[in-house]
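Student: The structure under discussion is supplied below as structure tokens; questions concerning it will follow.
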Amino acid sequence: MVSYVVRREASKRGKGPRWYAVYTVNGRKRWELAGSSRKAAESLMRLREQEVAAGTFKEKQHRNGGVTFQEYSETFLKGVSDRCKESTVDDYRVCLDHLLPILGKKKLSEITRADCKSAIETASVRKEGKAKGQRYSASMVNKMIMVLKLMLKEACEDEHIETNPAQYIKRVRGEHQEMDFLRPDEVSKLLQACETDFYPIVAVAVMTGMREGEEVALRRGDVDLDNGVIYIRRNFSPKFGITSTKTHRSTRAVEMSQALATIVRGHLESTEGEPDDLLFPGKDGGCILPQNMIRDTFEPTLKRAGLRKVRWHDLRHTFAALMLSSGENVMFVSRQLGHSSVKTTLDIYGHVLPEVSASAGRRLDDLLFNGNIVSLERKAR
């Protein structure tokens with residue numbers, strides 16, 4: 001019998017550190033909560049070792065093992081709703097809706113790693129609509145995996161189960177999709193093709209890289225012309241309206257170039273409104289619905305400019321790609337975009353930097369050799 005004790009640190013949900021007796025019986029590893037001290041875990045471990053040696057060990061019936069996946073999912077969503085944005089809770093609920101028909105009636109204590117893998121595999125296939133029978137995108141499947149792992153992890157913390165059967169399920173790898181972005185001459189064509197009232201919102205998108213929902217939710221008071229920045233404090237989604245930003249890093253100040261500041265100043269002076277009014281309101285004064293703006297205005301503008309069809313989000317890619325390819329500091333670009341880390345920026349845009357890579361090699365040559373490169377033949381002589 002292999003046995004040892006394990007200390008787990010305090011969880012994010014406020015519970016203190018806990019000690020477990022971990023032992024293997026009949027080929028199955030068991031984690032049994034002992035309490036808040038190592039001494040209690042060691043005592044419990046010795047007791048189980050004695051029971052196994054004497055043949056008196058009985059399978060432990062977990063006090064909350066009868067809770068089903070569906071029952072606990074309701075508890076989980078209620079807990080999430082107390083600490084997450086409404087849109088995040090909705091995302092979690094959608095993921096669980098895919099898993100409930102498969103795992104819903106199973107008791108938490110009966111769910112195995114194989115059950116979790118099978119559930120993800122089954123849930124990843126569309127059950128209705130035009131794409132019935134096709135797989136969901138890798139990002140959607142990975143979101144299901146993330147929610148399943150998180151929910152069962154919390155079930156462990158709530159002592160419904162001893163271990164998380166989904167803990168080691170791996171994310172799926174999606175096909176790499178090349179992003180599309182406009183070249184500088186194409187950006188000029190797009191801006192020239194914009195009608196007067198559409199020009200400022202396109203300029204802000206392509207010259208700051210802010211997200212679609214962030215731009216739609218901007219207020220006039222978010223513009224600081226004296227310091228040349230726009231403060232991003234909110235986000236808009238068609239389902240939930242104006243909410244807080246996507247993440248803590250998303251709340252930020254983005255810098256405007258002199259040209260963009262001139263464009264935004266002109267827009268403010270040519271329109272009327274109070275600081276709390278939207279910077280780019282719809283016809284009724286409320287938020288622009290992005291899908292309507294794209295269909296009715298953006299796509300016709302692309303066509304007038306003689307450009308291919310790109311997404312509005314590709315204007316964000318355009319900003320990042322052009323800034324990085326011109327040698328701009330990656331940390332600055334990452335902050336402008338509101339990414340959680342520089343790694344995220346490099347993971348997304350690292351492959352669009354051939355000019356930067358080539359110039360880096362030239363700079364290294366200059367630094368080491370200062371133009372006096374000595375060949376191996378000359379070195380040998």
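Student: For a footprinting-style exposure proxy, rank Ser244, Ser270 by other Cβ within 10 Å, fewest first.
Tutor: Details: Ser244 15, Ser270 10.
Neighbour counts put them in this order, fewest first: Ser270, Ser244.
Student: Can you flag which of Lys153/Lys343; Lys143/Lys239; Lys239/Lys283; Lys309/Lys343; Lys130/Lys170 are past 24 Å Cα-Cα?
Tutor: Working: Lys153/Lys343 27 Å; Lys143/Lys239 19 Å; Lys239/Lys283 19 Å; Lys309/Lys343 29 Å; Lys130/Lys170 29 Å.
From the list (Lys153/Lys343; Lys143/Lys239; Lys239/Lys283; Lys309/Lys343; Lys130/Lys170), the Cα-Cα distance tops 24 Å for Lys153/Lys343; Lys309/Lys343; Lys130/Lys170.
Student: In whole percent, what relative contact order does the stretch 69-157 give with Cα contacts below 8 Å and a gap of six or more residues? Don't skip to the end; give the middle numbers.
Tutor: Numbers: 55 pairs, mean separation 28.1, N = 89.
Answer for the stretch 69-157 is 32 percent.
Student: Hey, can you grab everything whose amide H is under 5 Å from the amide H of Val229? Only 5+ residues off in sequence or another chain; H modelled, so Pro and N-termini drop out.
Tutor: Asp224, Met256
Student: Relative contact order, percent, of the stretch 184-358 when contacts are C-alpha pairs under 8 Å separated by at least 6 residues?
Tutor: 27
Student: Another question, then. Return the distance in nm (one decimal) between the two label points of a simple spin-label model at Glu159 and Met146, each offset 7 Å from Cα along Cα→Cβ.
Tutor: For the pair Glu159/Met146, the computed spacing is 3.1 nm.
Student: Something else now. Can you give me the three principal axis dimensions of the stretch 154-234 from its C-alpha atoms, in Å, biggest first?
Tutor: 62, 35, 21
Student: Could I ask something else about it? Mind checking which aspartates and glutamates have their C-alpha under 19 Å from Lys29, skipping anything on the same chain fewer than 8 residues away?
Tutor: Lys29 reaches Glu42, Glu49, Glu51, Glu59, Glu110, Asp115, Glu157, Glu159, Glu162.
Student: Among Glu162, Glu110, Glu272, which comes first, second and so on when ranked by fewest other beta-carbon atoms within 10 Å? Working shown, then result.
Tutor: Details: Glu162 18, Glu110 14, Glu272 8.
Lowest to highest Cβ neighbour count: Glu272, Glu110, Glu162.
Student: Now, a different point. Once phi is turned into ³J(HN,Hα) by the Karplus curve 6.51 cos²θ - 1.76 cosθ + 1.60 with θ = phi - 60°, what whole-Hz value does each residue of the stretch 255-267 show in order, with x for glycine and proline?
Tutor: 7, 9, 6, 4, 5, 5, 4, 5, 5, 5, 4, x, 5
Student: Where the only charges are on Cβ atoms (+1 Lys, Arg; -1 Asp, Glu), what is the dipole of the stretch 183-307 about its Cα centre, to the nearest 20 debye? Walk me through the intermediate numbers first.
Tutor: Working: 16 positive and 19 negative charges, 115 e Å.
It works out to roughly 560 debye.
Student: How are the Cα pair distances of the stretch 184-358 distributed, in percent, across 10 Å bins from 0?
Tutor: 9, 38, 39, 13, 1, 0
Student: Further question: Among rounded, prolate and oblate, which fits the stretch 69-157 when a ≥ b ≥ c are the square roots of the eigenvalues of its C-alpha gyration tensor, a/c under 1.5 means rounded, and a/b larger than b/c means prolate?
Tutor: Numbers: a/c = 1.96, a/b = 1.24, b/c = 1.58.
Here the stretch 69-157 falls in the oblate category.
Student: Amide H to amide H under 5 Å from Arg252: which residues, 5+ apart in sequence or cross-chain, H placed 1.01 Å off N in plane?
Tutor: Close amide H contacts, sequence-distant or interchain: Ile232.
Student: Among Met179, Met151, which comes first, second and so on when ranked by fewest other beta-carbon atoms within 10 Å?
Tutor: Numbers: Met179 18, Met151 24.
The order, fewest Cβ neighbours first, is Met179, Met151.
Student: Tell me which residues come under 5 Å, amide H to amide H, from Thr68 once H is placed; ignore anything under 5 positions away on its chain.
Tutor: Under 5 Å from the amide H of Thr68 lie the amide H atoms of Leu108, each far enough along the sequence or on another chain.
Each reported figure results from applying straightforward, stated rules to the coordinates on display, with no laboratory input. Source: prediction; values computed, not measured. A quick note on method: Cβ atoms are made from the backbone with ideal geometry, for glycine too, and the neighbour counts reach across all protein chains shown.
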